[in-house]
Amino acid sequence: MRQSKPSRPLPASKWAALTVALALASLAAPHACGAPGVPGGKRQPAQTALRPPAATEQTYLPDERSFRAIVKGMNTFAQNHELSPQGVLRFRLHARQPNIAMADIALSLTSNTTQAPLRVAPDLTFSVPREQAALDGDAILVTNKPAGSLAWRPEVRTPGLPGGSRRLGDLRLECLVDIDSDPSRPSELRRACLGSGAEATCLEEPGQCLAHAPAALGGFLLSSVVPLNEVKTAYEHEGFRYLFIADRPIFSVTLHHGGKQLVLPTTWLYGGLAMHNPFHDAPYLKDRFYELPLERSKWPDDTLVTFEYMDDA
C-alpha cells in the first residue's frame, strides 16, 4: 500500500493572491448575479443610525411650576401682609445657566382644557390671576425653556422706594412666599425667614461673639472632617440662611434705619458657604446672592436695604 505524501503548505505569495481573488469575486458577485431578493440586482441604500431625528416644535421637557403652589404663595402673601402693608407681589424668572436666552421667554397657564398666555414684563416679572377653574383643573405654568434652566422667585416691592433699594419687611415676606410657592421646599424652611437674635447681635457687636469663638471654630473644624456619607442633607442642616437674588451682580449691601447703618460682611454675599444651603440655586447666580439679618428685634420692617452694584459707574 502506497503512503500519501504530506501536503505542502502554499507559499505566502499564493495565499495573498488567493485572498485578493476571493475579495474581488465577492464584490463582483452582486453586480453580476443581482442582489438576492432585489429585482434587477439593484442594492438599496444602507440605513444609518446617525440620521438626525425629524424636526419637532419642542424636543425637551419644559420648565414649569404648579399653579396650585403659586396660589399657595399668594395666600401666604395675603396672610402676612403686615410685613409689607403697601407691597405688591409679582413673580420673577431668572436664568440658571449662561446659555439660556431670556429675550424670547414665553409663559402660559395650561390645563387639560385651556391654555392662556401670561405676559412677562421686560424685567422678567409676571403676575398670576386667581382662577378657580385653573385651580380645579390642576393647571400649571409652562415656559418655553428646558426643565431646570430657570429659577422661579417671588418679588415683593413697596412702590416709591429710591432706586437701588429694597424694604426689609418686603424681603422677609418674599422669603415666606418663596418657601410656600415652591413644592420642593418643606415648610420647615420657614425658620430661615425669621432669623435669630444671635446672628443679628454678632453682626452689630462682633466682640460679644468672640468669647464663644474657640468653641465655634472647633465645631466648624470637626464638622469639616465628617465623612461624606455622614453629611446631613440641606434640609437637616441648621446653619443656613435664606439667599436672596439681587437685580444685578452686587458689590456691597447696606442696611439703614434711623441713624444706624450696617454694611454686610462679605461672608453674607455671594452664597457664602452654600454647600448645605437649600436656597443655593445655581453657580451662575452666585454674584447676585446675598443674605440678610431677618430677626425682627434688631432691624424693623421699614429698614432700607441699599445695593452697590458691580456695574455702577
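Checked against the criterion of being touching a residue at least 60 places away in the same chain (Cβ under 8 Å), surrounded by fewer than 12 Cβ atoms within 10 Å (Cβ to Cβ) and more than 30 Å from Arg296 (Cα to Cα), region 97-110 has at least one qualifying residue. Residues that are farther than 20 Å from Gly87 by Cβ, of a type in the set (A, V, I, L, M, F, W, C) and surrounded by 11 or more Cβ atoms within 10 Å (Cβ to Cβ) within region 112-155 comprise Ala116, Leu118, Val120, Ala134, Leu135, Ala139, Ile140, Leu141, Val142, Ala147, Leu150, Ala151, listed in sequence order.
Quick grid of which residues meet (1) surrounded by 12 or more Cβ atoms within 10 Å (Cβ to Cβ); (2) of a type in the set (Val, Ile, Thr); (3) at pLDDT below 90; (4) under 18 Å from the mean Cα position of the chain (by Cα):
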position: Leu221; (1), (2), (3), (4): no, no, yes, no
position: Thr233; (1), (2), (3), (4): no, yes, yes, yes
position: Tyr242; (1), (2), (3), (4): yes, no, yes, yes
position: Ile245; (1), (2), (3), (4): yes, yes, no, yes
position: His257; (1), (2), (3), (4): yes, no, no, no
position: Asn277; (1), (2), (3), (4): yes, no, yes, yes
position: Phe289; (1), (2), (3), (4): yes, no, no, yes
position: Lys298; (1), (2), (3), (4): yes, no, yes, no
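Filtered by the rule that a residue be under 16 Å from Leu124 (Cα atoms) and of a type in the set (Gly, Ala, Ser), region 70-105 gives Ala95, Ala101, Ala103.
Taking the criterion of being closer than 22 Å to Cys175 by Cα, modelled with pLDDT under 95, part of a helix (DSSP H, G or I) and of a type outside the set (A, V, I, L, M), would at least one residue in region 74-92 satisfy it? The answer is yes, given that some residue of region 74-92 is closer than 22 Å to Cys175 by Cα, modelled with pLDDT under 95, part of a helix (DSSP H, G or I) and of a type outside the set (A, V, I, L, M). Residues in region 89-103 that are more than 26 Å from Met74 (Cα to Cα) and of a type outside the set (A, V, I, L, M): Gln97, Pro98, Asn99. Kindly evaluate Leu168 against the criterion of being under 17 Å from Pro293 (Cα atoms), at pLDDT 55 or above and of a type in the set (A, V, I, L, M, F, W, C). Criteria met by Leu168. The set of residues from region 62-121 being of a type in the set (Val, Ile, Thr) and out of contact with any Leu (no Cβ under 8 Å at 6 or more places or on another chain) comprises Val88, Thr113, Thr114. Of the set (1) at pLDDT 95 or above; (2) under 18 Å from the mean Cα position of the chain (by Cα), all apply to Leu150 but (1). In region 68-79, the qualifying residues are those that are buried (at least 18 other Cβ atoms within 10 Å of the Cβ) and not aliphatic (A, V, I, L, M), and the one that is farthest from Glu155 (Cα to Cα) is Thr76. When the residues of region 179-196 are filtered to those that are assigned to a loop (DSSP other than H, G, I, E, B) and under 18 Å from the mean Cα position of the chain (by Cα), the one that is surrounded by the most Cβ atoms within 10 Å (Cβ to Cβ) is Asp182. The single residue among Arg130, Arg185, Arg191 that is touching a Pro at 6+ places or on another chain (Cβ under 7 Å), of a type in the set (Lys, Arg) and at pLDDT below 95 turns out to be Arg185.
If you go through region 156-178 and keep only what is free of Cβ contacts under 8 Å to residues at least 24 places away in the same chain and buried (at least 23 other Cβ atoms within 10 Å of the Cβ), you end up with nothing.
The values are calculated or read from the model by the stated rules, or taken from the named source; none is laboratory data. Predicted, not measured: the structure shown is a model, and the values here were computed from it. No Cβ is skipped: glycine too gets one built from the backbone with ideal geometry, and neighbour counts run over all protein chains shown.
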